[in-house]
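*Asks:* Below you'll find the structure I mean.
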Amino acid sequence: MTSAPVSPQPQSTPVRLAIANDYEVIVRGLHAMLEPYDDVEVAELTIKAELNRSPAVILYDTFGRLPGRDPNLAKLVRDHQAPVLVYSWRTYPADVAMAQGAAGYLHKSCTADELVKAVVAVHEGHTVVASDTSHQGSRHPRRSTWPGEHQGLSPREAEIIACISRGMSNQEIADQSFLSINTVKTHIRSAYRKIGVERRSQAVLWGVAHGLGDR
């Protein structure tokens, strides 16, 4: 999977886009990121993997989801004719996303321009699989943020806190993230230290307060 984002011709009609993620803070952030662009029209935001309208492309942000078994991605692919473009970190690999039926994959180090071009390319039937491009030194980088970033959480730590806030056990997190139980515990200890908690119940309260509670 080495194909890079295609640079399609300008669209006369914007691509109708639905943005999906478990958390309102994520979908609204992506909406704001794409709003200045004429090539896409954000027609719907969803935090339940259910759509009321028929978009041309579904942009699926994986934050808070682990790659092993992702019912939200499966539901989006199964229930809608629109191709699904996965927008993620290395913690949710491209090959896993594509194996679950995604039509494309874009790493979150991409710029907003690159994201728009990928949406249009997927709409035109191209396969877009682009990994981390942060080393390329774009003149206009746009790095996505995530809940807990300002407290120093890494994307993986933030996703694990989100899973804890949903009530998942350490073993469930390990099973779904392709990590050993000891690695999960290491991430949890590091995350607890950064957000200033000592117990799981406190981590759940922190997650709920920061919009990462169960849906």
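*Asks:* Report, to one decimal in Å, the Kirkwood hydrodynamic radius for segment 149-209 based on all distinct Cα pairs.
*Replies:* Here the Kirkwood hydrodynamic radius works out to 11.3 Å.
*Asks:* Also, quick follow-up: Using label points projected 7 Å from each Cα along Cα→Cβ, tell me how many nm separate D175 and R200, to one decimal.
*Replies:* Here the modelled spin labels are 1.4 nm apart.
*Asks:* Next question, about the same structure. Determine by what factor the alpha-carbon radius of gyration of the chain differs from 2.2 N^0.38 Å, reporting the quotient.
*Replies:* Rg over 2.2 N^0.38 Å, computed on Cα atoms: 1.00.
*Asks:* I would also like to ask the following. Got a sec to turn the phi values of segment 80-90 into Karplus ³J(HN,Hα) couplings, 6.51 cos²θ - 1.76 cosθ + 1.60 with θ = phi - 60°, whole Hz, x for Gly and Pro?
*Replies:* 9, 6, 5, x, 10, 9, 8, 10, 8, 9, 4
*Asks:* I need to check one value: relative contact order of segment 150-199, counting alpha carbon pairs closer than 8 Å and at least 6 residues apart, in percent. Please report the intermediate quantities before stating the final value.
*Replies:* Values: 28 pairs, mean separation 24.1, N = 50.
Result for segment 150-199 is 48 percent.
*Asks:* Further question on the same structure: So what's the back-of-envelope 222 nm ellipticity for the chain, counting only DSSP H runs of four-plus at -39500 (n - 2.57) apiece and dividing by all residues, rounded to 500?
*Replies:* My calculation for the chain gives -11500 deg cm²/dmol from helical runs alone.
*Asks:* Name the long-range amide H neighbours of L59: under 5 Å, sequence gap of 5 or more, or other chain; modelled H, no Pro or chain starts.
*Replies:* Amide H neighbours of L59: A18, I19, A20, L85.
*Asks:* Which aspartates and glutamates, on any chain, are close to K194 with Cα under 19 Å apart, when same-chain ones fewer than 8 places away are left out?
*Replies:* Candidates past the 8-residue exclusion: E149, E157, E159.
*Asks:* What per residue convex hull volume, in Å³, comes out for segment 15-136 when only alpha-carbon positions are used?
*Replies:* Roughly 93 Å³ of hull volume per residue.
*Asks:* Output wanted: per-residue J couplings in Hz (rounded whole) for segment 120-126, from phi through Karplus 6.51 cos²θ - 1.76 cosθ + 1.60, θ = phi - 60°, x for Gly and Pro.
*Replies:* Computed from phi, the couplings for segment 120-126 are 5, 4, 5, 4, 7, x, 7 Hz.
*Asks:* Could you give the nm distance between label points at E24 and R189, where each point is 7 Å from its Cα heading toward the beta carbon?
*Replies:* A separation of 3.7 nm, rounded to one decimal place.
*Asks:* Over the chain, what is the relative contact order in whole percent, taking alpha-carbon pairs under 8 Å and six or more residues apart?
*Replies:* In percent, rounded to a whole number, it is 20.
*Asks:* Taking a cut-off of 28 Å between Cα atoms, list the lysines near K117, but don't count ones fewer than 8 places away on the same chain.
*Replies:* Of all the lysines, those that pass the test against K117 - Cα under 28 Å, at least 8 places apart if same chain - are K48, K75, K108.
Read-outs throughout are calculated quantities, based only on the coordinates presented, and are distinct from any laboratory measurement. Keep in mind that what you see is a predicted model, and the values were worked out from it rather than measured. Ideal geometry is used to build each Cβ from the backbone, glycine not excepted, and the neighbour counts take in all protein chains shown.
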